[in-house]
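Below is one structure, written out as structure tokens, with a few remarks after it.
The values are calculated or read from the model by the stated rules, or taken from the named source; none is laboratory data. Every value quoted in this text rests on a predicted model; they were computed, and no experiment measured them. Neighbour counts run over all protein chains shown; Cβ positions are idealised from the backbone, glycine included.
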Amino acid sequence: MTSSHPTKRPTDATYLDDRAQGNEDIDLPRELLTLPWIDVHNHAHTLSWDDRERYALAGCRSMLMVASGYHWTPYKPVEADDIRFLWDDAINRRTAIERNHFFEAKLGLGVHTGVRIENPDELLDAMDDYCALDEVIAVGETGVVPSQHVSRWGIDEQRAVVQAQMELAEAHDLPVILHTPNTSSDATRSYRDGLGVTPGYEKNAGLGADPVLDGDNPALESVRIDVEAMRDAGLADERVVASHADRNNTAYLMDETDCYLSYTIGHSWLIGVDAADVADAIDEYGPDRIMVDTDCANVLRTDPFALKRAIFELYRYGIDVDDIRQVVVENPREVFGFEQE
Ligand SMILES: [Zn+2]
């Protein structure tokens, strides 16, 4: 536009012309409106049909639905069969989900150590056959955590369960979704006593067991133990995607491993990670080992549009379209073998 707008008096547009020379030539990234994207960690099989449709509406091309969480096992203590049911439920429904919503939906199956499981060897034995299924494209999410729900699980036992899954992944040439613990952001105010459940997260907070890891930085210590297990399992660094990457573990994972880092941006209110953290990581380390995931699940306040929103935010934060594409679609394809266009 020229400055000769026929407006009755000057508008914002007039001053835009005057003040910001060259503004007219800004190349808006129209391709981001239709850029396909891949969510490498969610629990979409637990969401509503409408939420899964939101993924499709927002241009999701492929996703990895993770069945390993203990949030969905009703009985405490948790037994192997409870987790196995979660795997079977996901297998049961996956094809219907694809046919309803058209995106590619694959599975990650694993044993999460966020709750102690009575007889984990039964699960690990069964897992070998599950890993051979075409629809299973990853092991996980799993990873040592500093404290459990309901009852404690010692570090050595957790590590053994994590390493056994990494060995299976290696044997089946599958990548691993590593659950890395976050350091939760400081609350500005505490909630009323007696509610038990964390608002926004359907979990009986009163059942939290005493930590099995203390020290200055148990969240990072957990990741170090996972990396030792990975090395002992003979699993290549490039086959591990550390999900819930954050300011606490990014430097360690980037500098001392060749693992991928996936930033979870679907529940920023809980873990304090958002597109700005992803942009900072791309600026500092480049896009080669970075991904983004939503971790959307029905047990907490999450946003199926989060990844699409993050795409726009990354651009606003100064990240190039090519780097955005690499992070949200190319890296996931390379590591997990999702369909090409
Ligand atoms: Zn998850």
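Yes or no, residue by residue, for (1) touching a Gly at 6+ places or on another chain (Cβ under 6 Å); (2) modelled with pLDDT of 95 or more; (3) over 17 Å from Val78 (Cβ atoms):
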site	(1), (2), (3)
Val150	no, no, no
Val161	no, yes, no
Ala169	no, yes, yes
Asp193	no, no, yes
Leu207	no, no, no
Pro211	no, no, yes
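On the stretch given as segment 193-240, residues that are among the basic types (Lys, Arg) and in contact with a His (Cβ under 9 Å, 6 or more places away or on another chain) total 1.
Scanning segment 85-97 for residues that are surrounded by 17 or more Cβ atoms within 10 Å (Cβ to Cβ) and not basic (Lys, Arg) gives Leu86, Trp87, Ala90, Ile91, Ile97. Figure legend. Inter-residue proximity from segment 88-110: first residues over 18 Å from Ala169 (Cβ atoms), second residues surrounded by 14 or more Cβ atoms within 10 Å (Cβ to Cβ) and at pLDDT below 95, beta-carbon distance below 9 Å, spacing 6+ or different chains. Indicated pairs: Asp89/Trp72. Only a single criterion out of (1) within 16 Å of the ligand (Cβ to nearest atom); (2) in contact with a helix residue (DSSP H, G or I) (Cβ under 9 Å, 6 or more places away or on another chain) is not satisfied by Arg84, namely (1). Considering segment 312-337, the residues that are under 19 Å from Arg30 (Cα atoms) and within 15 Å of the chain's Cα centre (by Cα) include one that is surrounded by the fewest Cβ atoms within 10 Å (Cβ to Cβ), namely Val329. Quick one: in segment 1-14, of everything that is among the polar types (S, T, N, Q) and exposed (fewer than 13 other Cβ atoms within 10 Å of the Cβ), which residue is modelled with the highest pLDDT? Checked segment 1-14; the qualifying residue modelled with the highest pLDDT is Thr7. Output yes when any residue across segment 58-78 is in a helix (DSSP H, G or I), away from the ligand (no atom under 16 Å from the Cβ) and touching a residue at least 40 places away in the same chain (Cβ under 8 Å), and no when none is. Within segment 58-78, none of the residues are in a helix (DSSP H, G or I), away from the ligand (no atom under 16 Å from the Cβ) and touching a residue at least 40 places away in the same chain (Cβ under 8 Å). One residue stands out in segment 15-53 among those that are at pLDDT below 85 and aliphatic (A, V, I, L, M): the one that is nearest to the ligand (Cβ to nearest atom), namely Ile26. The C-beta contact set for segment 186-210 (first residue acidic (Asp, Glu), second residue at pLDDT 85 or above and outside any loop (DSSP other than H, G, I, E, B), distance under 9 angstrom, 6+ apart or interchain) comprises Glu202/Leu300.
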